Structures are given as C-alpha cells and as structure tokens.
C-alpha cells in the first residue's frame, strides 16, 4: 500500500493581559517570554526528539521512509528568535531529500474564509519562507485546520498548487473515497488528498485511551491495518505535538512509531509524500464540498467562529484590512496578520483545553483591547499620511 504521512507544527503567539488602560500607550501585544518558554519546552519534549527519530528512520531505511511537514510561519518566526537549533534540525531533514514541506497560510489564519486576497498573500509569504529556509517550493497546500471547501480548492488552483489536503470526515464524503485522490467540481488540475480520519485519530487520540477496544495498540497491528487498506494512498495526518507532547515519552510513543514505521516498511508498503502522490495518481472522481470542513472533532469551523465573541473579533480584524494595507507600513501589517491567527479565536471557546487565559472572556477582552490599540495606530498613521499629502500639495 502507498502511505503518506504529514505532520503539522504550529505554536501560537499568546497575548499579554492587555487591559483597557494600555490602549494607545502600549504597542506590543504578545507575551514573548511565555511564547519562547513554551516553544522551548515543546521543542525539547517533541520537535527535536521526533526529528531525530525521523532522521534515524530515513537513514535506516535507505531513504524509503518519506514524510511531509506543514510548519506555520509563526512557529518558524518564534524559532528564529528563541530556538534556531529547531530550524537547523528541520534543515537537516530537508537535506535528506525524503522530506517535503507543504504550503500554509503563514499566520495559521482563517483568511481563506474571510479574505481570498489576504489568504493568497499569506500563502505566498509562507512559500517564500519555506524556499528560503529549506530550498523547496511547496506544491501542495495545507490550510489552517485542514480547512477545505469547493471555493478553497478553487483558490488553491488559482495559486498554482498541484494538490490540497482535506479531512475525510462524513460531512464531506463517504469512506469509500478516503484513500483515493479526488478533485473539487471544475477543478481538475488541483487534486484533493483526503486524510484518513479514522486511522489518523487512532494514532493521535485513541492509542492512549484505556477505554478503546484496541488499547493497548500494538505497532505491528497498526502496520497491518495500513497494509490491508485499499485505494491509491493512505494519508495519515496529525499535529506533530502528538509525539512527545500530547503523548508523553512515558507512553512509549517514540518506540511505537519506530516499530510501526519499520513494520510497515517490512510489509512492503511504499512511503510517498503528498507532492509525489498528486504526480503519481490520477483523481478518481469529484468530491463536492460546498460548505467548509475541517479536521476538528465535529468537522466544522465552530471552534473558531461558533459564538458571538468569536464572530465579533473576526469581523473587526478583517474590517481593518483596507486601512492597514493602505498604510503600507510593513510592521503594522505584520502585527495585524499575527492577530489573525486562528488560535486567538479558539481561545474564546469554552471547550479549549490549551488556553493560556483564565477564561474565554479574558481571551476576548485581551484580544479586543489589543485590536483597539491597533485601530488607534492605524488611524494615526492615516492622519500622518494625509497631512504629508497636504504639505506636499502646498
């Protein structure tokens, strides 16, 4: 069987407790110390040991093991300042020739839903960074949270991508399509690679769940499940933080993965990257997905825009687009884009277990106060530009 493994890596820019009295007085919104500390902790528990494991598997298999990463621009930016050794570790993997880097919205934003033009610009910025760091130009798109719809697939086509990742949840398609490449309606040149939701969640969630009927899962059993699949390619995708962070080293996660990958290779499975898959296999049909779907628990976007606080915050950030871009201030545009990261809206949801804030309401207040300060600065910049224009005319 053909197997394609993709890991997504991202760390958010968490905000300081930005209260009302900071508006107009304090222009830096992020808790840089917390962000750096969290990145370092996850790097030590997950990213660096996982990268070492991947490199060992590539070397031991003589390059037969291949995989892909979707790494946000935000985490690469954090690593540049706090953990340059993490970037070097990924560069070592890139040099093996067995690792592919996928395109993403640089800021892990929801721009594909709210501003197609902004979405294209963020993806372009991300592709430029990937090429700069890893000497690869991405050919396959991984949208934030695997956001996918007919319209988003059309955007991927317009940007020239050969493929786009999508989650194989029941809101989108029947299971018989999961391991076959598809195309969105009227988008024949950009293929849709569908995540095998069931098998991916077996590894990402159920492997450490004592109530699961297959617990404790044997790596050999899972390798057999992969081998017995039908279709063109099995796409296994999950957050990289699964390895060593959400599933601690004490759960045997690294040994499980080493054994499972080795067993899958022994059973003559072939590992391909998403870019190789779209070049190797034709699409087998059309998948019609008029409404956005994600790889979230319920397959919807409600974790980001399901309540009034989230909806108001999203409206206000994207309402600023024209004014921010008119300023032509690169630093201001960068700050505005960092505030688009989907994490900010996710923290405004009650069920979020990863929030750094006391409550969803605190997340909302800090965000809206920071946004209010940005609005003040955008207005001040516009007034300066206007005055400069009048002076020039005089």
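Assorted remarks:
- Of all the listed residues (93, 76, 34), the sole one being surrounded by fewer than 17 Cβ atoms within 10 Å (Cβ to Cβ) and part of a helix (DSSP H, G or I) is 34.
- Within region 295-344, helices (runs of 4 or more DSSP H) holding 2 or more residues that are assigned by TED's automatic domain parsing to the domain that holds residue 373 and loosely packed, with under 15 Cβ neighbours inside 10 Å: 308-319, 321-327, 330-338
- Residue in region 40-57 that is over 18 Å from residue 240 (Cα atoms) and touching a helix residue (DSSP H, G or I) at 6+ places or on another chain (Cβ under 6 Å) present: no
- Residue check for residue 86: assigned to a helix (DSSP H, G or I), touching a strand residue (DSSP E or B) at 6+ places or on another chain (Cβ under 7 Å) and either in contact (Cβ under 8 Å) with a residue 40 or more places away in the chain or closer than 17 Å to residue 8 by Cα (or both): no
- Residue match in region 169-176 (condition: assigned by TED's automatic domain parsing to the domain that holds residue 70 and within 21 Å of residue 105 (Cα to Cα)): no
- Test: residue in region 59-72 that is in the same structural domain as residue 110 (by TED's automatic domain parsing), crowded, with 17+ Cβ neighbours inside 10 Å and assigned to a helix (DSSP H, G or I): no
- Residues in region 266-294 that are within 28 Å of residue 137 (Cα to Cα) and part of a helix (DSSP H, G or I) were compared, and the one that is farthest from the chain's Cα centre (by Cα) is 280.
- Annotation: residue 211 fulfils all but one of (1) assigned to a helix (DSSP H, G or I); (2) exposed (fewer than 13 other Cβ atoms within 10 Å of the Cβ); the unmet one is (1).
- Only residues that are part of a helix (DSSP H, G or I) and surrounded by 19 or more Cβ atoms within 10 Å (Cβ to Cβ) were counted in region 96-126, giving 8.
- Taken together, 17, 12, 49 contain a single residue that is part of a loop (DSSP other than H, G, I, E, B), under 18 Å from residue 239 (Cβ atoms) and not assigned by TED's automatic domain parsing to the domain that holds residue 376, which is 12.
- Check on residue 260, touching a helix residue (DSSP H, G or I) at 6+ places or on another chain (Cβ under 6 Å), closer than 22 Å to residue 47 by Cβ and part of a helix (DSSP H, G or I): yes
- Criterion (without any contact (Cβ under 8 Å) to a residue 12 or more places away in the chain and out of contact with any strand residue (DSSP E or B) (no Cβ under 7 Å at 6 or more places or on another chain)) met by exactly one of 384, 339, 371: 384
- Any chance residue 129 is out of contact with any strand residue (DSSP E or B) (no Cβ under 9 Å at 6 or more places or on another chain), in contact (Cβ under 8 Å) with a residue 60 or more places away in the chain, assigned to a helix (DSSP H, G or I) and under 25 Å from residue 336 (Cβ atoms): no
- Residue in region 174-195 that is within 15 Å of the chain's Cα centre (by Cα) and either surrounded by 23 or more Cβ atoms within 10 Å (Cβ to Cβ) or modelled with pLDDT of 95 or more (or both) present: yes
The values are calculated or read from the model by the stated rules, or taken from the named source; none is laboratory data. Because the structure is predicted, anything quoted here is derived from the model rather than measured. Every residue, glycine as well, gets a Cβ built from its backbone with ideal geometry; the counts of neighbours run over all protein chains shown.
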